[in-house]
Amino acid sequence: MKNNLFRLVFLGLTLTALTLSVACGGKNKGSNAVLQIRGSDTMLQLSTAWAEAFMQAHGDVQIAVTGGGSGTGIAAMINGTIDIANASRKIKDKEIEEAKANGVNPIEHVVAKDGISVVVNPANPVNELSMAQIKDIYTGKITNWKDVGGRDAKITLAARDNSSGTYAFFQKHVLMKEDYSADALNLQSNSAIVEEVVSNENAIGYIGLGYLVDAGNKVKAVAVDGVKPDNQSVASGEYKIARGLQMYTNGEPKGLAKAFLEFITSQEGQKIVTKEGFVPIK
């Protein structure tokens with residue numbers, strides 16, 4: 001997950017190319033084929049890395065990758081405005097019903113694995129939390145670090161916004177479907193959570209595994225029930241706050257979408273998963 005500035009420039013150029021292509025008559029007019037991908041912010045840089053590599057090998061292809069959250073991507077797929085939806089959570093039953101009502105048949109493609117890392121500022125003496133403690137912190141039952149072995153200081157909660165798949169996954173699997181505390185800060189990206197934790201010694205947050213790798217020693221991942229998040233513990237299932245990363249298409253993919261997904265799940269595509277700090281599916 002390096003060269004972020006280059007990728008932002010690349011993304012802007014890609015979106016410009018996409019706009020010009022659509023203005024000239026649609027996805028496949030002329031010599032360039034265009035693939036539109038939207039959704040999970042956790043998957044944004046990973047998908048951009050895949051797109052870069054694929055376009056280098058196929059000079060007549062344009063791939064536009066944007067974020068906005070898993071729910072945003074799935075909604076765009078249901079509305080027929082994109083080709084592939086990125087989602088860091090499973091599609092909901094309600095969304096499947098909406099898709100079918102719109103004549104859309106969502107097909108799931110698991111493309112990588114992720115561990116949601118619970119992070120604190122390196123100056124925080126707390127190195128380990130139980131799942132029960134994390135739940136109590138994020139639901140507002142525990143509000144002071146001294147109650148979990150830390151300093152006498154109020155806990156600042158950094159959470160994702162409710163359009164995020166990470167927000168939904170964490171609520172379901174860690175909070176056991178209870179509501180987040182009203183005091184939680186709802187932030188729009190993994191990077192925003194990292195920034196909050198870096199700047200606030202009393203903050204706690206949760207981020208995708210790849211973003212933990214990218215942050216380096218700026219944040220500290222706490223062990224959860226004695227297990228630290230890393231590629232090995234996520235792959236083995238030992239680390240419990242783990243999930244698949246999905247792409248959804250309307251029906252079985254064809255043409256460019258099929259070729260791109262085949263690349264992603266190939267050995268070359270899965271090497272990019274490892275390089276970006278996530279866990280390959282094979």
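The values are calculated or read from the model by the stated rules, or taken from the named source; none is laboratory data. Quantities reported herein were computed from a predicted structural model and do not represent experimental measurements. For neighbour counting, all protein chains shown are included, and Cβ atoms are generated from backbone atoms with ideal geometry for every residue, glycine included.
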**OP:** Could you tell me which of the residues LYS135, LYS113, LYS94 is in contact with a strand residue (DSSP E or B) (Cβ under 7 Å, 6 or more places away or on another chain) and within 21 Å of GLY165 (Cα to Cα)?
**Re:** LYS113
Original post:
Considering region 222-274 alone, what residues qualify as being closer than 30 Å to ASN79 by Cα, crowded, with 16+ Cβ neighbours inside 10 Å and not hydrophobic (A, V, I, L, M, F, W, C)?
Top reply: ARG243, GLY244, GLN246, TYR248, THR249, ASN250, PRO253, THR265, GLY269, GLN270
Subject >> Residue ID - surrounded by the most Cβ atoms within 10 Å (Cβ to Cβ), chosen from residues in region 59-97 that are among the aliphatic types (A, V, I, L, M) and closer than 16 Å to VAL110 by Cα >> reply: ALA87
Subject >> Every residue from region 108-134 that is part of a helix (DSSP H, G or I) and surrounded by fewer than 18 Cβ atoms within 10 Å (Cβ to Cβ) >> reply: MET131, ALA132
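Yes/no per residue for (1) touching a Leu at 6+ places or on another chain (Cβ under 7 Å); (2) outside any loop (DSSP other than H, G, I, E, B):
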{"residue": "TYR167", "(1), (2)": "no, yes"}
{"residue": "GLN171", "(1), (2)": "no, yes"}
{"residue": "GLU178", "(1), (2)": "no, no"}
{"residue": "SER181", "(1), (2)": "yes, no"}
{"residue": "ILE193", "(1), (2)": "yes, yes"}
{"residue": "GLY210", "(1), (2)": "yes, yes"}
{"residue": "LEU245", "(1), (2)": "no, yes"}
Subject >> Every pair of residues 6+ apart whose Cβ atoms lie under 6 Å, when the first sits in region 149-172 and is modelled with pLDDT under 95 while the second is surrounded by fewer than 20 Cβ atoms within 10 Å (Cβ to Cβ) and not β-branched (Val, Ile, Thr) >> reply: ASP161/ASN186; ASP161/GLN188
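Kindly indicate the residue of region 22-46 that is of a type in the set (S, T, N, Q) and at pLDDT below 50 and also surrounded by the fewest Cβ atoms within 10 Å (Cβ to Cβ) among those meeting that condition.
Let us first name the residues in region 22-46 that are of a type in the set (S, T, N, Q), namely 28, 31-32, 36, 40, 42, 45.
The next check asks that each one be at pLDDT below 50; those that pass are 28, 31.
Details: ASN28: 12, SER31: 7.
By that ranking, first place goes to SER31.
In the set SER130, SER117, which member is hydroxyl-bearing (Ser, Thr, Tyr) and closer than 13 Å to ILE204 by Cβ? Let's see the steps before the verdict.
On the way: SER130 fails: closer than 13 Å to ILE204 by Cβ.
The match here is SER117.
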**OP:** For region 198-213, state whether one or more residues are closer than 24 Å to ALA33 by Cβ and of a type in the set (S, T, N, Q).
**Re:** no
